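Please read the structure below before turning to the comments.
The values are calculated or read from the model by the stated rules, or taken from the named source; none is laboratory data. All values reported here derive from a predicted model rather than from experimental measurement. Because the Cβ atoms are built from the backbone with ideal geometry, glycine has one as well, and the counts that use them run over all protein chains shown.
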Amino acid sequence: MAKLFINGQWVAATRGETLPVIDPSTGEVFDELARGTAADIDLAVAAARAALNGPWGKLTATDRGRILLKMSALILARSEELAQLEARDTGKPISQARNDITVAARYCEFYGGAADKVHGVQVPYLNDFHVVVLREPYGVTAHILPWNYPAQMFGRSVVPALAMGNAAVLKPSEDACLSPLAFCAIAKEAGLPDGALNVVTGLGEEAGAALTAHRDIDFVTFTGSPEVGTMVQQAAAVRTLKVVLELGGKSPQIVFDDADLERAVGFVLKAITQNGGQTCSAGSRLLVQRGVYDKFVAMVAERFAQSAAGTPAMDRDCGPLINAAQKARVEGFIRQARESGIPVLAQGQVASGVHPGGYYVAPTLFGPVPRDHRLACEEVFGPVLAAIPFDTEEDAIALANATDYGLIAAVWTRDGGRQTRVARRMKCGQVYINCYGAGGGVELPFGGVKKSGHGREKGFMALEEFCTVKTVVQYFGQ
Ligand code: NAD
């Protein structure tokens with residue numbers, strides 16, 4: 001689909017250039033994208049501004065919600081076709097792609113239902129004064145997304161912005177953006193007025209940088225790496241724009257001696273193999289109390305040994321990684337850990353019959369990983385798990401909080417007091433107790449602290465991120 005979606009129309013990039021779309025499970029080109037640049041961003045931002053001053057800006061909150069609800073129904077009606085597209089574009093197993101499409105529809109349902117339920121307040125003040133606090137859209141919101149969950153990210157970033165009455169300009173990832181483009185056609189069919197949603201595909205340093213530096217945007221939300229997130233925040237700071245950053249993670253699974261190990265083991269495997277570990281909230285550090293370290297790590301190793309990466313249709317634990325650079329990066333982490341003498345406790349398979357040009361990496365479990373090794377501290381963004389033993393509750397808390405990141409954490413223990421003590425002391429945005437939901441549900445506020453970013457998406461609270469507050473003070477005395 002070598003077109004941009006601007007002002008409700010499909011248009012070629014101004015310079016007429018394209019980028020290849022590569023299937024990660026074969027390494028072969030199967031489509032092309034429009035290579036949007038600053039001139040296209042100008043058109044998209046102008047269309048969004050005009051929409052705010054036109055039919056889109058005049059819709060009631062209820063009508064905005066109805067459009068999103070219709071989008072949800074249309075996405076569900078085409079879910080299989082969209083899931084196949086998502087699986088081809090990202091390489092993920094088909095059952096994960098199906099889930100991602102269902103979740104995207106759920107975002108439209110959740111925020112469609114919520115659109116007219118974000119209320120301002122009336123503030124008691126002096127006699128003869130009437131004070132109301134209004135919630136208003138920011139205006140033109142800029143959205144920059146990564147490649148790992150394009151359908152879900154659209155739902156989580158763009159949909160709440162539309163629910164609150166903003167007009168959005170989206171720059172999805174050049175590595176996976178077909179589902180956001182498909183959602184534009186669905187939005188149009190659902191009755192979204194022209195210009196409310198604009199999508200400019202292209203490279204980060206071209207279209208992305210032009211969007212975040214644009215003089216007529218009012219808000220920026222970015223999901224991606226901490227390095228680019230910092231650049232985005234710097235660009236936005238020039239105009240003191242509000243920025244929401246959803247960045248990476250190195251999330252710990254903390255397993256205490258008294259944990260239900262049988263229950264934990266499946267979650268531990270899934271938390272690092274889901275999406276090939278290319279999940280910001282992947283459970284990439286396995287912290288295990290010394291009394292059960294050998295036993296539990298052996299249980300996890302057994303599961304790892306049975307795991308496999310395969311094509312989307314094979315529907316194994318994970319698919320290929322997104323591109324050759326990501327494969328090389330993850331293999332670099334594995335090689336360096338081996339060279340450091342860290343034992344490989346188990347390695348899964350790359351399923352037989354996959355295309356040799358695909359970007360497959362077998363799930364790998366290392367342990368014990370020294371606490372200061374880069375495998376214990378840095379985000380790999382691949383199916384590589386670092387097991388580390390700990391001694392006491394205090395030691396576990398210090399170790400869990402010891403990275404630059406703070407996105408999510410899991411605590412596995414039957415001790416109710418310990419569950420609460422540890423959860424409260426985690427420096428992160430979500431804590432799971434005896435469960436793990438990488439990223440969590442649509443309803444659950446999500447986001448990080450420290451290098452994982454700031455601001456919250458998902459849940460009802462996200463709607464507060466996508467609107468600003470205006471206090472109106474009226475004197476009504478005579
Ligand atoms: P990335 O930072 O390389 O790219 C993200 C997006 O930014 C892409 O659309 C890219 O084109 C764009 N971009 C690149 N340079 C830019 C620039 N100079 N100005 C503006 N935009 C630019 O990240 P990625 O490789 O696509 O994704 C992987 C990273 O994303 C990981 O670190 C991962 O943890 C993080 N991530 C975080 C979350 C979260 O919610 N916290 C979710 C998914 C991914």
Helices (runs of 4 or more DSSP H) contained in the stretch 9-115 and holding at least 2 residues buried (at least 22 other Cβ atoms within 10 Å of the Cβ): 38-52, 61-77, 79-90, 94-114
Some residue of the stretch 391-404 being buried (at least 17 other Cβ atoms within 10 Å of the Cβ), within 16 Å of the ligand (Cβ to nearest atom) and touching a residue at least 60 places away in the same chain (Cβ under 8 Å): yes
Every residue from the stretch 139-161 that is away from the ligand (no atom under 15 Å from the Cβ) and of a type in the set (Gly, Ala, Ser): Gly139, Ala161
Any chance Pro124 is within 16 Å of the ligand (Cβ to nearest atom) and either among the aromatic types (Phe, Trp, Tyr) or farther than 19 Å from Gly455 by Cβ (or both): no
Residues that are under 12 Å from Val199 (Cα atoms) and hydroxyl-bearing (Ser, Thr, Tyr), drawn from the stretch 1-36: none
Subset tally (residues that are under 13 Å from Ala305 (Cβ atoms) and in contact (Cβ under 8 Å) with a residue 24 or more places away in the chain) for the stretch 341-382: 9
Residue list for the stretch 262-291, filter: within 15 Å of Thr413 (Cα to Cα) and touching a residue at least 40 places away in the same chain (Cβ under 8 Å): Arg263, Ala264, Phe267, Val268, Leu286, Leu287, Val288, Gln289, Arg290
Cβ-Cβ under 6 Å pairs, at least 6 apart or on other chains, the stretch 161-188 side more than 19 Å from Arg49 (Cβ to Cβ), far side of a type in the set (Phe, Trp, Tyr) and within 16 Å of the ligand (Cβ to nearest atom): Ser173/Trp147; Asp175/Trp147; Ala176/Trp147; Pro180/Phe154; Phe183/Phe154
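Each row is one residue, and each column tells you yes or no for (1) within 16 Å of the ligand (Cβ to nearest atom); (2) closer than 19 Å to Ile101 by Cα; (3) touching a Cys at 6+ places or on another chain (Cβ under 8 Å); (4) modelled with pLDDT of 95 or more.
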position	(1), (2), (3), (4)
Asp116	no, no, no, yes
Val131	no, no, no, yes
Pro137	no, no, yes, yes
Leu170	yes, yes, no, yes
Asp175	yes, yes, no, yes
Ala187	no, yes, no, yes
Val199	yes, yes, yes, yes
Glu206	yes, no, no, yes
Elements of type helices (runs of 4 or more DSSP H) contained in the stretch 130-196, each with 2 or more residues being among the charged types (D, E, K, R): 178-189
Of the criteria (1) of a type outside the set (S, T, N, Q); (2) under 24 Å from Asp31 (Cβ atoms); (3) more than 11 Å from the ligand (Cβ to nearest atom); (4) in contact with a Pro (Cβ under 8 Å, 6 or more places away or on another chain), which one Met164 fails: (2)
Count - residues of the stretch 238-249 that are farther than 21 Å from Phe183 by Cβ, in contact with a strand residue (DSSP E or B) (Cβ under 8 Å, 6 or more places away or on another chain) and more than 9 Å from the ligand (Cβ to nearest atom): 3
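Give the residues of the stretch 208-232 that are among the charged types (D, E, K, R), more than 7 Å from the ligand (Cβ to nearest atom) and either without any contact (Cβ under 8 Å) to a residue 24 or more places away in the chain or touching a Ser or Thr at 6+ places or on another chain (Cβ under 9 Å) (or both), sorted by residue number. So that I can check it myself, show each step before the final result.
Quick first cut of the stretch 208-232, residues among the charged types (D, E, K, R) only: 215-216, 218, 227.
In the following step, the residues that additionally are more than 7 Å from the ligand (Cβ to nearest atom) were identified as 215-216, 218.
Residue satisfying the conditions is Asp218 alone.
For every residue, the table says whether it meets (1) closer than 24 Å to Ile254 by Cα; (2) hydrophobic (A, V, I, L, M, F, W, C); (3) in a helix (DSSP H, G or I); (4) within 13 Å of the ligand (Cβ to nearest atom).
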residue: Gly437; (1), (2), (3), (4): yes, no, no, no
residue: Gly441; (1), (2), (3), (4): yes, no, no, no
residue: Leu444; (1), (2), (3), (4): yes, yes, no, yes
residue: Gly448; (1), (2), (3), (4): yes, no, no, yes
residue: Lys451; (1), (2), (3), (4): yes, no, yes, yes
residue: Gly459; (1), (2), (3), (4): no, no, no, no
residue: Glu464; (1), (2), (3), (4): no, no, yes, no
residue: Val472; (1), (2), (3), (4): no, yes, no, no
Qualifying residues in the stretch 316-326 (those that are more than 12 Å from the ligand (Cβ to nearest atom) and under 20 Å from the mean Cα position of the chain (by Cα)) - the one farthest from Cys177 (Cα to Cα): Asp317
